[in-house]
Structures are given as C-alpha cells and as structure tokens.
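Student: Encoded as structure tokens, here's the structure I'll be asking about.
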Amino acid sequence: MSINAKSRNRNQLVWPVTGIVVTILAVKFAATNPFYTPHIALQTGIAAWFAALVLVIVLSAYRIGARVGVVMAGLFLAIPCFVTSPPLFRGLLMCIMCMPFSAAAALVLAPPIATVRARLAYLCSWCGTHQVSRRARSLDVASLLHLIVATAVLAIGMTAVIAVPDANFWLLLRWLAGGIMILAFAEMVTACFPLVATAFGVIVPPLMQSPYLSTSVGEFWTKRWNILASEKVFGPYCFAPLARRSVGLALFAGFALSAVGHALMVFIALGSWKISLIWGTFFLVQPLLIIAERWLAVRRWRPASARVWTLAALAITSPLFVEPMLRIVEESWGTQDSALPPTAVVLGFVFVFSCVVSLASLASYSAAIQYSPPNALDR
C-alpha cells in the first residue's frame, strides 16, 4: 500500500470512530434517562439488523454513502440496549449488530467497489485477504462430529453451572465449567463454519481456529480467537501504527480498545457498569500475560508445555470474563434446571451465523473474477 493510501485510510478512520461515538451517546441516553424503558421487540431488533446490513452494502458504492453507512451502523449498534428481551438475546443481538458496523468500517476504508456482488466478495474474503472459492457440495462428516462433540461439551458445562451454588469454594468449579463453555463455543464456531460452507458448496475463511490448541496467549488472540478482528481491526489499525514506537504500548492500546467494546456489550446486555468493568478488566490483563510469556520464551517450549502454560494463564484470569458471561446467561434462563434450551439457543445462533456468511460468500462468488481492489477514484 502506498503512503498516500495509508494516509487516506488514517483520515477515513474518523468515520468509524464517529459511529462508535454515536453508539456510546445512545447507550448513555438509555442509561441515564430515568423516564426511559426498553420497548423494542426482539423481532424488530432482528429486522433492524437485516436492514442495517442491506443499507450498508448498498450505500457503500459511493464516498458519501460509505460515510453515512458507517455512522448509521454505529447508531444501529445501540438498538439492543432498547430491546425488551432477556440479556442473552440482547447480547447475541449485539454480537450480530457488529456485522453491519464492521462491514461499513471495512468499506469506508477500502477503495471504491462498484457492484454489490464485489462488495460482498470483499467482505466475505476478510477484506480481500482470504480467497473465497467454490467446491463440490458435500457433507463434511469430520466437522459434523466436531460440532456434535463441542455442543455436548457446552451442554455438560452448562449442566455443571446450573448444578453448583455460586458461592464459597463452589465458585472455582463454576468458573471452570464456564471456561469450558467458552472454549466449547469456540469449537462450535470452528466446526460449524466449514460444515455449513461445504454443504453450500463454498470455502470460506475461518473465524475461529480451535483456540484451546494455542501454544501461547499471543497465538490465542492473534491466530485462533476471532481471527477477523485480529487481522483486520486490531492488527493494522491499532497495533501496527503504535508498535513503531513501542510494542508494549501497542499491546495495551489494542486490548484497551477491546476492553471498551466488550464492556459496552455487557452493559447493553445487563445494564450494570460494575459487571461491565469487570469484563473489560479481563482484556486489560492480557498484555501482561503476553509480556510474561515473551520474557519466559514460551515459544521455545515443547508444544505440550506451551499449551499448559496458555490454558493455565487464561484460566487464572478467566473469572473476570466467565462470571459476567454466566450472569448474562443465567438472567436469561432464570430458574432453568436443564441445559438443553440454552444449548439449543447457542447452537442455533452459531448455525444461523454460519449460514449468513456462507450464503453471502456463495452470492458473491464469480467463476470469472475473484475480488481485486478496483482502480477507481479514491474516496
């Protein structure tokens, strides 16, 4: 990328930042207005998500449209805060609401892309960095078995959380079960993406890559957990620019940004700043673990030992992440005595999300033209 292109991208960052500010202001209104009560139905929130995604993709054909789209998507990010539904559903809605905003941010930072199909191809290839290709439709048996096992582990973890009290020494078992639930969820995403994509006859880039196999905390966050966010957001627009001055500063800045985003997500789900700050603190601790493992030269350890280090380091800090997550789930299932309903909700969410990505990839694919940056006028 040329110096002018880099400068243009830095200037365009003002628009995604404006979208985030709009979100924060809308959430602040909901949090501080004593006369406001949520009144939007969940179905309306889902319809708003779909409308935001369509509008972003359509508007981004033009310079002004792309800018309007990212600000509008930022406003839509706050919609879950106004939805009358259990915290789990508001949290999941918040997760998928990140899709239109992420798409809008990617398109405002990219060169102009003329057609809807080309814009879809750009987004589905993780901004042109991974190839989306066709393949024969088939049933990926290995991925199916992987998904079944991961879902069963998730259900077992939920069963343990339901069974144990949330006090005294039982908290250790509760947090362990919650951590297993999170890793099981990551495995469900790891397996479901190729399973659904293969059924549709397309190959899509992964979002998760079995995080429990990480041999370092750094690998966990950069190569296995939410690969899209790491490669296309935190890496190029946060870590890389600051790393020229200080790697430590870049690490802390990237995780601080993640902490703010996750804290906002928890607040939208639960309406509690205390729990939100606890979740955000988890991400502020991660740079310390990465610095520690570099000092210990963990990369030179044998893989088995390095995996033990990674899981142990994450487990020690996991209560900061696990407890808020469990609060979200428990306030949604109430006095639920079975893990099957919430497990079905999570499985359905993962499956639908995988279908959306696979169908968009299929719609964007062209046998004659794979995406390449267009030679059009700069935004």
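All of the numbers you see were taken from the coordinates with simple rules; none came from a lab. Keep in mind that what you see is a predicted model, and the values were worked out from it rather than measured. So basically every Cβ, Gly included, is an ideal-geometry build from the backbone, and we count neighbours across all protein chains shown.
Student: Return LYS232, LYS223, LYS274 ranked ascending by Cβ neighbour count within 10 Å, so the fewest neighbours appear first.
Tutor: On the way: LYS232 18, LYS223 15, LYS274 10.
Listing LYS232, LYS223, LYS274 from fewest to most nearby Cβ atoms yields LYS274, LYS223, LYS232.
Student: Okay, moving on. Would you order GLU293, GLU330 from fewest to most other beta-carbon atoms within 10 Å of each residue's own beta-carbon?
Tutor: Values: GLU293 21, GLU330 18.
By the 10 Å Cβ count, ascending, the order reads GLU330, GLU293.
Student: Need one word for segment 218-261: rounded, prolate or oblate. Basis is the Cα gyration tensor (sqrt eigenvalues a ≥ b ≥ c); a/c below 1.5 gives rounded, then a/b vs b/c decides.
Tutor: On the way: a/c = 1.68, a/b = 1.44, b/c = 1.17.
The shape class here is prolate.
Student: Still on this structure, please answer the following. Can you sort MET97, MET208 from fewest to most other Cβ atoms within 10 Å of each residue's own Cβ? If you can, show how the numbers build up before the last one.
Tutor: On the way: MET97 26, MET208 20.
Arranged by neighbour count, lowest to highest, MET97, MET208 become MET208, MET97.
Student: Next question, about the same structure. Work out the charge dipole of segment 216-325 with +1 on the Cβ of Lys and Arg and -1 on the Cβ of Asp and Glu about the Cα centre, then indicate which of ILE268, PHE220, SER258 is farthest towards its positive end.
Tutor: Positive-end residue among those listed: PHE220.
Student: Per q in 0.12, 0.15, 0.21 1/Å, what log10 I(q)/I(0) does a Debye calculation on the alpha-carbon atoms of segment 49-119 return?
Tutor: After summing over all Cα pairs, the log10 values are -0.31, -0.46, -0.77.
Student: What are the residues whose amide H is under 5 Å from the amide H of VAL202, where those residues sit 5 or more places off or on another chain and H is modelled from the backbone?
Tutor: ARG135
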